[in-house]
Amino acid sequence: MEARRRNQPGTDLCARRQAVTQVECYLPDTHYPLPHRALDGTVWHDALCHGCHGSGWAEDAICGVCNGGGFALLES
Ligand SMILES: [Zn+2]
Ligand SMILES: [Zn+2]
């Protein structure tokens with residue numbers, strides 16, 4: 001008897017929230033390394049800021065790109 005798998009990879013949603021606007025990513029959790037994307041069109045990287053590489057700090061100061069949030073908001 002064959003049982004079909006119900007929990008296949010990619011069926012769960014990422015649901016990661018954007019740090020500032022709190023919009024929720026609607027992509028499957030397998031979307032990495034693509035950026036998060038919300039239904040309102042917001043696109044962002046989580047912990048992939050090009051200024052601080054996700055630490056929130058650059059050159060001993062709060063990162064000017066992500067304001068210390070450790071993410072990068074992308075213009076869509
Ligand atoms: Zn996501
Ligand atoms: Zn940064």
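Values quoted throughout were computed directly from the atomic coordinates according to the rules given, and no laboratory measurement underlies them. This structure is a prediction, so every number in the text was calculated from the model and none was measured. Virtual Cβ from ideal backbone geometry, glycine too; neighbours counted across all protein chains shown.
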Debye, to nearest 20: dipole size of segment 13-76, +1 on Lys, Arg Cβ, -1 on Asp, Glu Cβ: 140
Suppose each label sits 7 Å from its Cα in the direction of the beta carbon; what would the Ala58-Leu39 distance come out to in nanometres? 3.3
Interchain or sequence-distant (5+) residues whose placed amide H lies within less than 5 Å of the amide H of Leu13 are Asp29
